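Data block below; observations after.
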Amino acid sequence: MAGSRLPRQLFLQGVAAVFMFAFASLYTQIPGLYGPDGILPARRTLRPQGKGRWQQLWETPTLLWEAPRLGLDTAQGLELLTLTGTVLALGALLLRPLRHPLVYLLLWAAYLSACQVGQVFLYFQWDSLLLETGFLAVLVAPLTQPPRHKQGRASPHEGLPFWLVRWLLFRLMFASGVVKLTSRCPTWWGLTALTYHYETQCLPTPAAWFAHHLPVWLHKLSVVATFLIEIAVPPLFFAPIRRLRLVAFYAQVLLQVLIIITGNYNFFNLLTLVLTTALLDDHHLSAEPGCSRHKRTPTSFTFHQFSQWLKTVTLPTMWLGVVSLAWELLMTFWRWTQVQGWLRKLCAGVQLSVVGAATVALFLISLVPYSYVEPGTHGHLWNGAHHLFGAVEHLQLANSYGLFRRMTGLGGRPEVVLEGSFDRHHWTEIEFMYKPGNVSRQPPILVPHQPRLDWQMWFAALGPHTHSPWFTSLVLRLLQGKEPVIRLIQSHVTSYPFHKQPPTYIRAQRYKYWFSRPGEQGRWWRRQWVEEFFPSVSLGDPTLEMLLKQFGLQDKNPPRAHSPSRVLARALHWVRTQLSPLEPPTLLWSLLAAVGAIKMVQALLAPGPFQSSPLARGEKQKPASKKDSRAASEPAAPSSNPGNGSRPPRRKK
């Protein structure tokens, strides 16, 4: 990892960009999800229980405990957090001095605070992944930014935390591949999963329609390629041969780009791409890459054979991480011995001790969730790792991963359709902006926005409504005509069929949807009614009241009225008023366009590419300027072996 200054900067910028998208996307949905009139009001989640302030903060780590001190309720405090997080992340993306550990610590703390009150709408694997990645960014970010003429000089410990990014990438990809087979899902074992995936995923893109109609043999070949990229390729993340690491990098990028094209998975795939920067090095980013392709032949396994293979390889992959980390620690120690001057050496030694201890501790913690892929290995793990993980589990510093464990919707994708009526005889469908409903509407392109209600509607359709208690609250809010919730369904309220008067009755039906066949003009979907999902209810209906009481969703204590004269509350209201006309995807794309425009202006004003060219020029000029004794002697170690002087990092809803 000695030559990783450029990848580290790229990683830090990428993390800032993902935080910006995540905070901005969540901000647009707070009133409807967590406001006083929202589906799951956030104020219910934070109730003091007579504990000390610091004990309360440790057990439920959220900055929102301090919202009342600012004259804000929990939802308003959440708005302030997400706005602050968006601005901080934007600053870190644009300004190099803001890529500081303190800034990333604030971003991580703000998102962790939001997750503590986010309830079911923030229980996604990518939220956990962002928290884990954000905490690693705290360690990767440099305490001080060296002057441009000294950018080739690296501190001994700089590359050590970046190794953890590669380890996280390994855990993410390897586990995602393994769980597909340990689930015993017949479609993954039969290589037919992708014949269902494109139409049954939560929010497909228009490209998913075309991918769905590709030949079956190509779908099967794609499943084989997925297994290779997610299971066979990740061990190459630690290969001592640089070209193998680059092959692994491009394989991961190809997979993530194809997923982005065919599915709206918010910031998840973008975040995974950010993690792949740990496979790069300075030489590759500053020179023309050489690309090579490898052909592999799939091997057929039974489930029993695969289980035996998994028992065989899980522990060795952990030892691979141990050996890789040990090598990185040794190389870091060797670089520390080359530091000149006793004062500089002392300071570097202190930093190395702190960063090294944190890196080893985080690695040990991560072994526990990683071992979940094979229960036998989990039981043989060192007890100290279990105790360490248990002590900080609520901080989400390490998590288990494994997406698309089983393929759903094999007989057609289940979809819940809400209907409203004034007389219980004539029903009008309530169409959502993003999820499938109207069979003639084209699937949207939303990345990097995540409409969290639409995602939960997809999960709700997979079982009875009693498995999704929040759905009863959604029905209640629509019967009450609460505008914040309506805006989650239609951002332009006039497009909502009951915008003038709330419906008297609401019910929900379950349908099965399939992509339309080629040649069916003007239709993207076909559908068939299956059954009633939620009974017809009205305000005061005994069935509705019973469900609200059963799930603890009744408004026993209405929210206290806060003084409208509070300056901060009024400022938040003004910002909300200014941004509310924009649809969430438009807001996020506008932020992205603004970042691109500012970057372009920066590139025009600065004579040379930002951040990368000084290092590239420095590396090329150092061998020629040997007379510049100290400046040339220290960088000589990292630049002397650009081919394989790089360390290993790696790799639920």
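Surface exposure of segment 214-270, expressed per residue as accessible area with a 1.4 Å probe, stands at 39 Å². Mean residue ellipticity, 222 nm, helices only, the chain: the sum of -39500 (n - 2.57) across DSSP H runs of n ≥ 4, divided by residue count and rounded to 500, is -16500 deg cm²/dmol. Rounded to 0.05, the FRET efficiency of the ARG53 and VAL575 pair, given R0 = 51 Å and the Cβ-Cβ distance, is 0.95.
Taking a ≥ b ≥ c as the square roots of the eigenvalues of the Cα gyration tensor, the chain is prolate, since a/c reaches 1.5 or more and a/b is larger than b/c. Less than 5 angstrom separates the built amide H of ARG413 from those of TYR513, all sequence-distant by 5 or more or on a different chain. On a per residue basis, segment 7-115 carries 35 Å² of accessible surface, using protein heavy atoms and a 1.4 Å probe.
For segment 420-429, putting each phi into the Karplus relation 6.51 cos²θ - 1.76 cosθ + 1.60 with θ = phi - 60° gives couplings of x, 8, 9, 10, 6, 10, 9, 10, 10, 6 Hz, in residue order, rounded to whole numbers and with x for Gly and Pro.
Heavy-atom accessible surface of THR28, to the nearest 10 Å², is about 30 Å², with a 1.4 Å probe and all protein chains retained.
Arrange the residues CYS185, CYS347 by how much accessible surface each exposes, largest first, with a 1.4 angstrom probe. Write down the numbers at each step before the final one.
Working: CYS185 0, CYS347 70 Å².
Highest to lowest solvent-accessible surface, that is CYS347, CYS185.
Arrange the residues LEU228, LEU572 by how much accessible surface each exposes, largest first, with a 1.4 angstrom probe. Don't skip to the end; give the middle numbers.
Values: LEU228 45, LEU572 10 Å².
I get LEU228, LEU572, largest accessible area first.
Largest accessible area first, the listed residues THR226, THR466, THR494 line up as THR494, THR466, THR226 when surface is computed with a 1.4 Å probe on the assembled protein chains. Give the carbon-plus-sulfur fraction of the accessible surface of segment 56-118 in %, rounded to a whole number; probe 1.4 Å, heavy atoms of protein chains only. Looking at segment 56-118 in its full context, I get 74 percent from C and S.
How much of the accessible area of segment 134-284, probe 1.4 Å, is carbon plus sulfur, in whole percent?
Working: 3350 of 4750 Å².
Carbon and sulfur atoms account for 70 percent of the accessible area of segment 134-284.
Note on ASP555: accessible area approximately 70 square angstrom, rounded to 10, probe 1.4 Å, nucleic acids and ligands left out. Phi angles across segment 442-448 convert, under the Karplus curve 6.51 cos²θ - 1.76 cosθ + 1.60 with θ = phi - 60°, into 3J(HN,Hα) values of 5, x, x, 10, 10, 3, x Hz, Gly and Pro given as x.
Within the assembled protein chains, the solvent-accessible surface assigned to SER222 is about 40 Å², based on a 1.4 Å probe.
Expressed as a whole percent, the accessible surface of segment 457-587 that belongs to carbon and sulfur atoms is 52, based on a 1.4 Å probe. Which ³J(HN,Hα) values, rounded to whole Hz and listed in residue order, are derived for segment 583-590 from phi using the Karplus coefficients 6.51, -1.76 and 1.60 in 6.51 cos²θ - 1.76 cosθ + 1.60 with θ = phi - 60°, glycine and proline given as x? Once rounded to whole Hz, the list reads 5, x, x, 5, 4, 5, 5, 5. Taking 17 Å as the cut-off, the amide N atoms of segment 484-522 that come nearer than this to a point 7 Å along the Cα-to-beta-carbon line of SER590 belong to 491-493.
The values are calculated or read from the model by the stated rules, or taken from the named source; none is laboratory data. A quick note: this is a predicted structure, and the numbers were derived from the prediction, not measured. Cβ: placed from backbone, ideal geometry, glycine included. Neighbour counts: every protein chain shown. Ligands, DNA and RNA are excluded from the accessible area calculation, which covers all protein heavy atoms including side chains. Shrake-Rupley method; radii C 1.70, N 1.55, O 1.52, S 1.80 Å.
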